[in-house]
Amino acid sequence: EPVTSPPLTLTCKSADQLDNIGDGSIDCVVMDPPYYDNVMYAELSDFFYVWLKRTAGYVYPELFRLKLTNKESEAVANAALFHGQKGARELAARDYRDKMASIFTECRRVLKSDGILTLMFTHKATGAWDALASGLMEAGFTITASWPINTESEGSLHIKDKAAANSTIFLVCRPRLPRDKEDMVY
């Protein structure tokens, strides 16, 4: 039988402001969140952004309004954003945790009560895991399962002879059920 694909909508929005999606309307959220302080994605993206702006920017000018990518809104623990401030690393860690909590809160809002959030995360530092788990709990999620998946070849040149993580942890999270209406987190 012919299969009809459901309608698909692509948006370019911040993950903490999904106002185009209704409350409790999504069955599953799958994400690969930023890896704390491992990669500054916006800085890396600038190279591609300026070239895409010269091509795709003519077709989608609304996506290329900025000169370069927005680094202040990025959910990473970037101490450089707090340069010159006392405790820059701690400020960056708090900024990451708060941004991830905001993103997870929005995911919680759009998920159905029996929905599921799955995410994959890799980091060696306990602070990164603490920030991620704190954000999930603050947003009203319970981690119900986890699996380590070996994602790196032992012979890869970028991890050879380094104390690099060679697996990604997949987490399964469910909305925490409120004890009463006062406990609801959205």
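Give the residues of segment 52-79 that are crowded, with 16+ Cβ neighbours inside 10 Å and not in a loop (DSSP other than H, G, I, E, B), sorted by residue number. Lay out the reasoning, then the answer.
Pass one, segment 52-79, residues crowded, with 16+ Cβ neighbours inside 10 Å: 53, 57, 64, 69, 71, 74-79.
Across segment 52-79, the qualifying residues are K53, G57, A79.
Go through segment 1-51 and count every residue that is assigned to a helix (DSSP H, G or I), aromatic (F, W, Y) and open to solvent by less than 90 Å² (accessible area, probe 1.4 Å). Step through it out loud before you land on a result.
Residues of segment 1-51 assigned to a helix (DSSP H, G or I): 41-51.
Adding the requirement that they be aromatic (F, W, Y) leaves 41, 47-49, 51.
Next, only the ones that are open to solvent by less than 90 Å² (accessible area, probe 1.4 Å) stay: 41, 49.
Number satisfying all stated conditions: 2.
Residues that are surrounded by 18 or more Cβ atoms within 10 Å (Cβ to Cβ) and either modelled with pLDDT under 85 or hydrophobic (A, V, I, L, M, F, W, C) (or both): does segment 141-150 have at least one?
So in segment 141-150, the residues surrounded by 18 or more Cβ atoms within 10 Å (Cβ to Cβ) come out as 141.
Next, only the ones that are either modelled with pLDDT under 85 or hydrophobic (A, V, I, L, M, F, W, C) (or both) stay: 141.
The answer is yes, given that some residue of segment 141-150 is surrounded by 18 or more Cβ atoms within 10 Å (Cβ to Cβ) and either modelled with pLDDT under 85 or hydrophobic (A, V, I, L, M, F, W, C) (or both).
Could you tell me whether T142 is assigned to a strand (DSSP E or B), closer than 23 Å to S14 by Cα and among the polar types (S, T, N, Q)?
No.
Which of the residues that make up segment 35-71 are closer than 24 Å to L119 by Cα and either touching a residue at least 60 places away in the same chain (Cβ under 8 Å) or among the hydroxyl-bearing types (S, T, Y) (or both)?
So the first thing to find is which residues in segment 35-71 are closer than 24 Å to L119 by Cα, and the list is 35-45, 70-71.
Within segment 35-71, Y35, Y36, D37, N38, Y41, S45 qualify.
Return the pairs, sorted by first residue and then second, in which the second residue is among the aliphatic types (A, V, I, L, M) and surrounded by 16 or more Cβ atoms within 10 Å (Cβ to Cβ), the first residue lies in segment 116-130 and is within 20 Å of R89 (Cα to Cα), the beta carbons are less than 7 Å apart, and the residues are 6+ apart or on different chains.
Within 7 Å, the pairs are T122/A165; T122/I169; H123/A165; K124/A165; G127/A93.
Among the residues of segment 89-110, is there at least one that is crowded, with 20+ Cβ neighbours inside 10 Å, modelled with pLDDT of 90 or more and not in a helix (DSSP H, G or I)?
For segment 89-110, residues crowded, with 20+ Cβ neighbours inside 10 Å, modelled with pLDDT of 90 or more and not in a helix (DSSP H, G or I): absent.
Quick one: how many residues across segment 111-138 are open to solvent by 20 Å² or more (accessible area, probe 1.4 Å) and of a type in the set (F, W, Y)?
Here the count works out to 1.
The values are calculated or read from the model by the stated rules, or taken from the named source; none is laboratory data. These figures come from a predicted structure and were not determined experimentally. Quick reminder, even Gly has a Cβ in these numbers, built from the backbone with ideal geometry, and neighbours come from all protein chains shown. Note: accessible area is taken over every heavy atom of the protein model, side chains too, but ligands, DNA and RNA are not part of it. Shrake-Rupley method; radii C 1.70, N 1.55, O 1.52, S 1.80 Å.
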